[in-house]
Amino acid sequence: MNADAIPGPDAVPAVESVPAEATPAESRTRVATFGAGCFWCVEAVFVELKGVLSVKPGYMGGHVEAPTYEQVCGKLTGHAEVAHIEYDPAVIGFKELLEVFWKTHDPTTLNQQGADHGPQYRSAVYFHDAEQQRLAQAYKEALDASGAFSGPIVTEITEAATFWPAEQYHHDYYARNPDGGYCMAVIRPKIEKFRKAFAEKLKD
């Protein structure tokens with residue numbers, strides 16, 4: 001995947017017209033699930049945010065139980081590569097997670113992120129409740145109306161299904177392989193853009 005093909009975070013405005021997020025009735029952790037290309041990249045971004053407690057790479061949205069990485073890459077299981085995020089809503093809201101999601105990948109390319117092609121790389125928000133669905137749909141519509149991207153947003157907004165964790169060697173991939181070819185060519189430039197755009201939201 002060519003990092004230069006991904007719009008810089010500064011090029012995508014924060015959309016103030018998106019409805020306010022409902023205040024949590026009680027303080028407890030919540031989950032969000034996003035597909036935005038290779039899950040190595042997505043995990044590496046979200047794990048750095050304040051309020052994010054854990055990020056697990058895995059698969060969602062397919063029809064095969066307990067799929068393997070090889071099966072998903074074979075493009076026959078229907079799954080997307082996703083990041084399953086546990087977060088503290090008292091520190092970071094779902095709307096803020098959506099902002100990071102849409103600013104750190106290209107949501108206008110169907111089943112593709114740069115040189116990575118296939119339905120497993122599709123842009124997707126898997127909502128876990130009606131509030132997440134409402135916010136994701138409103139944010140998507142506002143971004144389309146704003147003209148922030150050169151084409152229409154093709155992100156699918158779908159109810160969350162079973163999350164299948166990826167094989168252990170995928171977990172913390174960038175942290176464990178920072179000097180790997182893919183990490184240096186693709187993930188590192190993305191992380192650098194992300195850190196610059198969201199400096200105030202990063203963990204100490």
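Computed from the coordinates by the stated procedures, all read-outs in this text should not be read as laboratory data. Predicted model, so just to flag it, every value in this text is computed and none were measured. Positions of Cβ are generated from backbone atoms using ideal geometry, with glycine treated the same way; all protein chains shown enter the neighbour counts.
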A correct Kirkwood calculation over the Cα atoms of the chain returns a hydrodynamic radius in Å of 17.0
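Report the FRET efficiency, 1/(1 + (r/R0)^6), for D144 and K196, where r is their Cβ-Cβ distance and R0 is 25 Å, rounded to 0.05.
That pair, D144 with K196, gives E of 0.45.
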Counting only DSSP loop positions in segment 103-169, the GluC sites (Glu not before Pro) whose Cβ has at most 12 other Cβ atoms within 10 Å are E167
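Based on DSSP H runs of at least 4 residues, each adding -39500 (n - 2.57), what is the mean residue ellipticity at 222 nm of the chain after dividing by all its residues, to the nearest 500 deg cm²/dmol?
That comes out to -7500 deg cm²/dmol.
If exposed trypsin sites (Lys or Arg not before Pro) are those in a DSSP loop with at most 14 other Cβ within 10 Å, what is the longest stretch of the chain that has none?
The reported range is 76-202.
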Binned at 5 Å starting from 0, the alpha-carbon pair-distance distribution of segment 125-204 in whole percents comes out as 3, 11, 12, 12, 20, 22, 15, 4, 0
The ³J(HN,Hα) series, computed from each phi in segment 189-204 with the Karplus coefficients 6.51, -1.76 and 1.60 at θ = phi - 60°, rounded to the nearest Hz and given as x for glycine or proline, is x, 5, 4, 5, 5, 4, 4, 5, 6, 10, 3, 6, 9, 7, 5, 5
Most exposed to least, judged by fewest other Cβ atoms within 10 Å, T162, T109 sort to T162, T109
Taking every DSSP bridge whose two residues both lie in segment 45-204, the antiparallel percent to the nearest 5 is 75
Rounded to 0.05, the calculated FRET efficiency for the beta carbons of Y69 and Y182 at R₀ = 22 Å is 0.95
